[in-house]
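The values are calculated or read from the model by the stated rules, or taken from the named source; none is laboratory data. Keep in mind that what you see is a predicted model, and the values were worked out from it rather than measured. When we count neighbours, we look across all protein chains shown, and the Cβ atoms used for this are built from the backbone with ideal geometry, even at glycine. Areas reflect the complete protein model, heavy atoms only, side chains present, ligands, DNA and RNA absent. Shrake-Rupley method; radii C 1.70, N 1.55, O 1.52, S 1.80 Å.
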Amino acid sequence: MSFQIAIDGPVAAGKGTVAKLLAKRLNFLYVDTGATYRVAALLAKQAGIDWTNDDEVAACVDKAQIDMHNPSDAESDGRQTTVLVDGADVSWAIRTEDMGKGASAVAKLGKVRQVLVKKQQDIAASQDVVMEGRDITYKVLPNAQLKIYLTANEEKRAHRRHQELLVRGEDVEYETVLSDLKARDKQDSERAIDPLQIVEDAWVLDTSNLTIEQVVDQIEAKVNQLR
Ligand code: C5P
C-alpha cells in the first residue's frame with residue numbers, strides 16, 4: 001500500500017505550502033484536492049452547465065480524466081502542481097477568481113463530491129501522497145498513515161492571507177480579509193455535506209508560532225518515525 005499523509009484545515013492555515021514542501025522532501029506526490037473542484041467548475045463552464053446542476057456537473061466530471069503531477073523542470077513557471085484534463089494543461093486556467101467561486105459552488109453538490117472523492121482516492125492508491133483539503137482525513141483517505149489538522153489562530157491566518165494578496169498587487173484592507181476568512185471558516189465547517197472537522201486520530205498542529213520550515217521539519221520527523 002502507498003504511504004498516505006492526509007492534511008485538513010481551515011482557510012489560510014498554510015496547508016498548500018506545507019504539503020508541497022513536505023512532498024518535495026519525501027519525494028511524494030503533492031495532491032491539492034481544491035484543484036479538482038476547480039477543474040469541475042472549469043469543465044461545467046466550458047460545457048455551458050450551471051454550477052448548481054449536480055447531475056450534469058457530476059456526469060461531465062465523471063467522463064474526464066484528471067491527472068496531477070509535481071511540475072517538471074520545463075513546467076516550472078511558479079505553479080504548485082500540474083493539472084491535466086484529458087491531456088490538456090489547465091494548471092493556470094483553474095486559478096482564476098472566477099474558478100475559485102465556481103469551485104466553492106460545485107463543492108456543495110453531493111454527486112460531484114462523490115465523483116471527485118473517487119478520483120482523489122484512485123490517485124492516492126498507486127503512489128505515496130501528501131494530500132490536502134477539507135475532507136481528506138475522514139472521507140478521502142480515512143486509512144491514511146498520518147492525519148494532520150493544520151491550523152493557526154484567526155489573526156495569524158488573516159495576516160498571512162493579507163500579505164499574499166498585497167504581494168499579488170491586490171489592494172485590500174486587513175479587516176476585510178479577516179472578516180472574509182471568518183465567513184469562509186463558518187461556511188466550510190457548517191455546510192451540510194462533508195464539513196471541515198477534526199477527527200479523533202488527527203494530530204492537531206497549531207502553526208501560529210512556527211515557521212513553515214519548523215512545521216515541515218516536525219511532520220517529516222513524525223513520518224520517519226512511522227515508516
Ligand atoms: O483550496 P481551494 O481554494 O483551491 O478550494 C476550492 C474550493 O473547494 C473551496 O471553496 C473549498 O471549500 C472546496 N474544497 C472542498 N473539499 C476539498 C478541497 C476543497 O470542499 N477537499
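Quick notes on this structure:
- Taken along the Cα-to-beta-carbon direction at a fixed 7 Å, the label points for residue 97 and residue 25 span 3.6 nm.
- Largest accessible area first, the listed residues 189, 2 line up as 189, 2 when surface is computed with a 1.4 Å probe on the assembled protein chains.
- FRET efficiency, 1/(1 + (r/R0)^6) with R0 41 Å, evaluated for residue 2 and residue 55 via beta carbons: 0.80
- Accessible surface area normalised per residue over the chain is 50 Å², counting heavy atoms of protein chains with a 1.4 Å rolling probe.
- Per-selection metrics, segment 97-227 (Cα): Rg and Dmax in Å: 16.4, 45
- Residue 80 long-range amide H proximity, modeled H, under 5 Å: none
- The chain: radius of gyration over Cα atoms, expressed as a fraction of 2.2 N^0.38 Å: 0.98
- Within-14-Å neighbourhood charge of residue 134 [Cβ basis; K, R +1; D, E -1]: +1
- Contour excess over end-to-end distance, with Cα ends at residue 64 and residue 126 and 0.36 nm allotted per residue: 20.4 nm
- Based on Cα atoms of segment 1-43, Rg over Rh with Rh as the Kirkwood radius reads 1.01.
- In Å, descending, principal axis extents of the Cα set of segment 34-126: 39, 31, 19
- Which of 117, 40, 10, positive extreme of dipole for the chain (C-beta unit charges): 117
- If only the Cβ of Lys and Arg carry +1 and only the Cβ of Asp and Glu carry -1, the dipole of segment 34-126 around its Cα centre is close to 340 debye.
- Debye, to nearest 20: dipole size of the chain, +1 on Lys, Arg Cβ, -1 on Asp, Glu Cβ: 340
- Near-label residues of segment 156-171 by backbone N, under 20 Å of a point 7 Å along Cα→Cβ of residue 206: 156-161
- Accessible surface of segment 34-126, 1.4 Å probe, proportion on carbon and sulfur as whole %: 50
- Of every Cα-Cα pair in segment 147-211, the percent that sits beyond 15 Å: 61
- Fraction of beta bridges assigned by DSSP in the chain that are antiparallel (%, nearest 5): 25
- Fully extended contour minus Cα-Cα distance, from residue 184 to residue 225, at 0.36 nm per residue: 11.3 nm
- Near residue 30, the amide H atoms lying under 5 Å from its own belong to 70, 130; only residues 5 or more places off or on other chains count, and H is placed 1.01 Å from N.
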